[in-house]
Amino acid sequence: MDLPVVSLKARRNSLHPWIFDRMIRHPRQTLKAGSLVEVVSREGEFIGRGIYNHNSNIGIRLLTEDISEMVGREFFHHKLETAKALREEILGIGKTSNCYRLIHGEADGLSGLIIDKFADVFVVEPYSAGYIEIMGWISSSLQALYPGCRVVVRPDERTATKENVDFSKVARAYPGPDSVEIKEHRLRMQVNLSTGHKTGFFLDQRENRLALSQYCYGKEVLDCFCYTGGFAISAMLAGAKSATGIDLDEKALLTAQENARLNSVSVKFQHANVFDHLRAMQSKGEQADVVILDPSKLAGCTDEIKLAHRTYGDVNRLGMQVVRPGGILLTCSCSGLVSEQDFLSILNRSAAEGGVVLQIFKIEGASPDHPFSSIFPEGRYLKAVFARVFPSTKAGASTLSGDEDDAPR
């Protein structure tokens with residue numbers, strides 16, 4: 001089909017799929033937010049085809065730079081088919097789990113789109129206005145590739161603000177069940193599609209949950225920011241002596257308790273502020289053999305990076321101090337704006353301030369159904385650092401550094 005043509009006013013010097021608003025020569029005739037367009041250089045040479053939104057800072061999300069590739073129903077069906085082949089045929093996730101991320105945005109060639117498979121329910125999270133009008137194409141392709149599946153659309157309010165569009169109509173057109181049960185290795189979980197964060201469950205930690213559980217036999221486990229209990233329950237299934245989950249989200253904890261019953265394990269879930277809980281443990285001299293720190297994203301924009309660094313530093317210092325000598329710490333950051341190098345620097349600083357030494361033995365990222373592209377390195381966002389924790393032998397090493405009251409609450 002013929003697409004409106006949008007030209008650039010600045011030279012494009014990379015293959016990055018985002019073209020920012022300041023680089024675009026906007027057409028005089030206003031195009032609807034989310035329109036599919038053909039993009040040309042300021043000299044009129046073909047650049048690609050993608051999604052245009054004059055209301056967004058990301059003015060164009062390129063979907064293809066192949067001049068012979070038309071962007072229509074067949075294009076999106078092919079992208080979904082290719083993504084399914086990676087998860088099913090190459091990664092073989094279906095052999096151990098009935099849930100995975102089918103579309104991970106730019107890495108799967110569909111900028112601004114997330115699709116998670118939870119058993120036979122597909123949860124679509126659009127980050128671009130462009131998917132409002134073509135959701136029918138997405139849905140029909142999913143139905144063709146996974147006969148009998150159900151498609152649910154769960155947009156994020158912050159995305160609606162950034163894109164300056166209303167997703168409510170498409171969300172109403174694709175409602176979902178309140179919950180769905182999934183299987184991940186040995187783990188069975190209820191995913192709450194009414195109150196759950198993002199698409200409802202964090203599939204990116206699947207392999208890290210399994211890996212950590214292998215170190216938990218006979219151990220006392222503390223799962224901080226536990227959400228719906230994935231790490232704690234996995235630990236108990238692997239033979240942990242006990243597990244405690246801490247979170248401030250009361251609705252998530254209700255689901256966590258249900259998940260523990262579903263897996264026939266006992267986990268002590270507590271509604272508490274993680275920082276306060278760790279301080280209380282420290283003041284009482286309480287420790288755990290395995291500690292997990294997996295907070296939600298702390299830096300969503302550049303203005304939040306400085307505070308995120310400080311918060312990661314504070315929670316890791318406190319967390320390290322309640323790990324028994326020789327015990328294990330798994331600490332994570334899902335903030336893409338905090339690099340792996342910066343996160344490791346934060347951990348080094350926290351260890352020094354906390355009077356401990358880390359023996360880092362593994363650094364992982366998201367599960368492989370969350371690939372990243374060489375032209376979109378931002379897609380590699382999750383850092384999961386596995387380490388043993390030992391007391392520092394340096395004379396006079398302090399157990400606390402700085403004013404503890406300054407830590408986030």
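Values quoted throughout were computed directly from the atomic coordinates according to the rules given, and no laboratory measurement underlies them. Small disclaimer: the values here were computed from a predicted structure and weren't measured. Here the Cβ positions follow ideal geometry from the backbone for every residue, glycine too, while neighbour counts run over all protein chains shown.
With a simple spin-label model that places each label point 7 Å from the Cα along the Cα-to-Cβ direction, the separation between Arg12 and Ala160 comes to 3.1 nm. In this simple spin-label approximation, Ala119 and Phe46 carry label points 7 Å from Cα along the Cα→Cβ vector, and these lie 4.6 nm apart. Using only side-chain charges placed at the Cβ, +1 for Lys and Arg and -1 for Asp and Glu, the dipole size of the chain relative to its Cα centre rounds to 240 debye.
Tell me, Ser266, Ser213 in order of fewest to most beta-carbon neighbours within 10 Å? Don't jump to the answer; show the numbers that get you there.
Working: Ser266 11, Ser213 25.
Neighbour counts put them in this order, fewest first: Ser266, Ser213.
Using a 10 Å cut-off around each Cβ, can you sort Arg380, Arg22, Arg87, Arg186 from fewest to most neighbouring Cβ atoms? Write out the running numbers ahead of the final one.
Details: Arg380 17, Arg22 9, Arg87 21, Arg186 13.
Result, fewest neighbours first: Arg22, Arg186, Arg380, Arg87.
For the chain, the relative contact order comes to 11 percent (Cα pairs under 8 Å, sequence separation of at least 6). In order along region 339-353, phi translates into HN-Hα couplings of 5, 4, 4, 5, 5, 5, 5, 4, 5, 4, 5, 5, 4, 4, 5 Hz, rounded to whole numbers, per the Karplus curve 6.51 cos²θ - 1.76 cosθ + 1.60 with θ = phi - 60° and x for Gly and Pro. Residues Val170, Val291, Val385, ranked from the fewest to the most other C-beta atoms within 10 Å, line up as Val170, Val385, Val291. Using the Karplus relation 6.51 cos²θ - 1.76 cosθ + 1.60 with θ = phi - 60°, the per-residue 3J(HN,Hα) values for region 314-328 come to 5, 5, 6, 4, 5, x, 4, 6, 10, 8, 4, x, x, x, 10 Hz, with x marking Gly and Pro. Between the C-alpha center of region 1-70 and that of region 143-160 there is a gap of 26 Å. The count of lysine pairs in region 73-177 that are at least 8 places apart or cross chains, and whose C-alpha atoms lie under 20 Å apart, stands at 4.
Scanning residues 5 or more positions from Phe269 or on other chains, those with amide H under 5 Å from its amide H are Gly245, with H placed 1.01 Å from N in the peptide plane. Within region 180-406, all pairs of alpha-carbon atoms sorted by distance into 10 Å bins from zero give the percentages 8, 34, 38, 18, 2, 0. Each eigenvalue of the Cα gyration tensor of region 1-116, multiplied by 5 and square-rooted, gives one semi-axis; in descending order these are 31, 13, 13 Å. For region 88-101, the Karplus equation 6.51 cos²θ - 1.76 cosθ + 1.60, evaluated at θ = phi - 60°, returns couplings of 8, 7, 8, 7, x, 5, x, 6, 10, 9, 9, 9, 6, 7 Hz by residue, with Gly and Pro reported as x.
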